[in-house]
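Colleague: Quick one: the structure is below, and I'll ask about it shortly.
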Amino acid sequence: MAMAVFPTKGNLINTKKSLSLAALGFDLMDRKRNILVREMVSLIDTAKSIRGEIESTYAKAYQALQSANITMGVIENIAHGIEIENGIHITYRSVMGVEIPKVSLKTTQPERVYGFTDTNSQFDLAYIGFEKAKQLTIVLAEIDNSVCRLAVEIKKTQRRANALHNIIIPQFIDTIKFITDSLEEKEREEFSRLKVIKKTKSEQNS
């Protein structure tokens, strides 16, 4: 559907400029969407791999913890002696205007977090396993958050691209056609009017 504009050459020029800008905007939106989709797909593939590794790591860690509980008795008191990790830091990088988190860990725990006299190798394996699971969980949290942010932005970008492609650009095209047809009709009318005037003058002179 053409926009409600008065059919003048000035409006024709302005509408053509607007069409050119809308087409450029659609091209940029489409490229942005493709870049974001590639980034998201890459992260999803990485997340799948990490999820499998986390499941395996947690399973081994819990198995070692169970063995430690069996061989040492319930080790809840030792676990409570290990401090809560507070060394997680978040920074951001921009991908096509989308703020993507970068999660890093600079541990606040001491190098030796438990004594060796009251523990055994099973406890060591459990501790190492949960440490690895913690590192993997940090990476997965970063990826999952990034995927969520990218998905939201892809949806917005796709919606805007669709609006340009399906609504705005066709409106400009229809408007240009309407103005062009109107101007051509005016030119034909003016040409016919001039012919009539010329014929009338010619008859008057003869």
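Colleague: Going by the structure shown, is T107 at pLDDT below 90 and not hydrophobic (A, V, I, L, M, F, W, C)? Let's see the steps before the verdict.
Modeller: Working: at pLDDT below 90: yes; not hydrophobic (A, V, I, L, M, F, W, C): yes.
Considered against the rule, which asks whether it is at pLDDT below 90 and not hydrophobic (A, V, I, L, M, F, W, C), T107 comes out as yes.
Colleague: Looking at segment 136-143, is at least one residue modelled with pLDDT of 90 or more and over 30 Å from K156 (Cβ atoms)?
Modeller: Checked segment 136-143: at least one residue is modelled with pLDDT of 90 or more and over 30 Å from K156 (Cβ atoms).
Colleague: Is it the case that R31 is surrounded by fewer than 16 Cβ atoms within 10 Å (Cβ to Cβ), part of a helix (DSSP H, G or I), in contact (Cβ under 8 Å) with a residue 12 or more places away in the chain and within 31 Å of the chain's Cα centre (by Cα)? Break it down into steps so the answer makes sense when it comes.
Modeller: On the way: surrounded by fewer than 16 Cβ atoms within 10 Å (Cβ to Cβ): yes; part of a helix (DSSP H, G or I): yes; in contact (Cβ under 8 Å) with a residue 12 or more places away in the chain: no; within 31 Å of the chain's Cα centre (by Cα): yes.
Considered against the rule, which asks whether it is surrounded by fewer than 16 Cβ atoms within 10 Å (Cβ to Cβ), part of a helix (DSSP H, G or I), in contact (Cβ under 8 Å) with a residue 12 or more places away in the chain and within 31 Å of the chain's Cα centre (by Cα), R31 comes out as no.
Colleague: Please pick out the residue among T57, T91, T71, T119 that is at pLDDT 90 or above and either touching a Phe, Trp or Tyr at 6+ places or on another chain (Cβ under 9 Å) or under 30 Å from I173 (Cα atoms) (or both).
Modeller: Values: T91 fails: either touching a Phe, Trp or Tyr at 6+ places or on another chain (Cβ under 9 Å) or under 30 Å from I173 (Cα atoms) (or both); T71 fails: at pLDDT 90 or above; T119 fails: at pLDDT 90 or above.
The conditions single out T57.
Colleague: Restricting to segment 145-157, name every residue that is crowded, with 16+ Cβ neighbours inside 10 Å and not aliphatic (A, V, I, L, M).
Modeller: Narrowing segment 145-157 to residues crowded, with 16+ Cβ neighbours inside 10 Å: 146-147, 149-150, 153-154, 157.
Residues satisfying the conditions are S146, R149, E153, T157.
Colleague: Quick check: is even one residue across segment 106-118 among the hydrophobic types (A, V, I, L, M, F, W, C) and outside any loop (DSSP other than H, G, I, E, B)?
Modeller: Initial filter on segment 106-118 (among the hydrophobic types (A, V, I, L, M, F, W, C)): 113, 116.
In the following step, the residues that additionally are outside any loop (DSSP other than H, G, I, E, B) were identified as none.
No: segment 106-118 contains no residue that is among the hydrophobic types (A, V, I, L, M, F, W, C) and outside any loop (DSSP other than H, G, I, E, B).
Colleague: Are any of the residues in segment 2-24 out of contact with any strand residue (DSSP E or B) (no Cβ under 9 Å at 6 or more places or on another chain) and closer than 17 Å to I154 by Cβ? I'd like the intermediate steps shown before the answer.
Modeller: As a first pass, look at segment 2-24 and keep what is out of contact with any strand residue (DSSP E or B) (no Cβ under 9 Å at 6 or more places or on another chain): 2-24.
Of the ones still in play, those that are also closer than 17 Å to I154 by Cβ are none.
The answer is no; no qualifying residue exists.
Colleague: Specify the residue that is surrounded by the fewest Cβ atoms within 10 Å (Cβ to Cβ); the eligible residues are those in segment 78-98 that are part of a strand (DSSP E or B) and among the β-branched types (V, I, T). Even if it seems obvious, please write down each step before you answer.
Modeller: Start the filter on segment 78-98 by keeping residues that are part of a strand (DSSP E or B), which leaves 88-95, 98.
Narrowing further to those that are among the β-branched types (V, I, T): 88, 90-91, 95, 98.
Values: I88: 14, I90: 11, T91: 9, V95: 16, V98: 21.
Across segment 78-98, the extreme among qualifying residues is T91.
Colleague: Still on this structure, please answer the following. If I filter segment 8-28 down to residues being in contact (Cβ under 8 Å) with a residue 12 or more places away in the chain and β-branched (V, I, T), which single residue comes out as surrounded by the fewest Cβ atoms within 10 Å (Cβ to Cβ)?
Modeller: Here is the first cut: in segment 8-28, the residues in contact (Cβ under 8 Å) with a residue 12 or more places away in the chain are 8-9, 11-12, 15-16, 18-19, 22-23, 25-26.
Right, trim to β-branched (V, I, T) and you get 8, 15.
Working: T8: 13, T15: 22.
Among residues in segment 8-28 that are in contact (Cβ under 8 Å) with a residue 12 or more places away in the chain and β-branched (V, I, T), the one surrounded by the fewest Cβ atoms within 10 Å (Cβ to Cβ) is T8.
Yes/no per residue for (1) farther than 30 Å from Y62 by Cα; (2) part of a helix (DSSP H, G or I); (3) open to solvent by less than 60 Å² (accessible area, probe 1.4 Å); (4) touching an Asp or Glu at 6+ places or on another chain (Cβ under 7 Å):
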residue	(1), (2), (3), (4)
F123	no, yes, yes, no
Y127	no, yes, yes, no
Q135	no, yes, no, no
N166	yes, yes, no, no
F172	yes, yes, yes, no
I176	yes, yes, yes, no
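The values are calculated or read from the model by the stated rules, or taken from the named source; none is laboratory data. Being a predicted model, the structure only gives us computed values, none of them experimental. Glycine also receives a Cβ, built like all others from the backbone with ideal geometry; neighbour counts cover every protein chain displayed. Please note that ligands, DNA and RNA were not included when accessible areas were found on the heavy atoms of the full protein model with its side chains. Shrake-Rupley method; radii C 1.70, N 1.55, O 1.52, S 1.80 Å.
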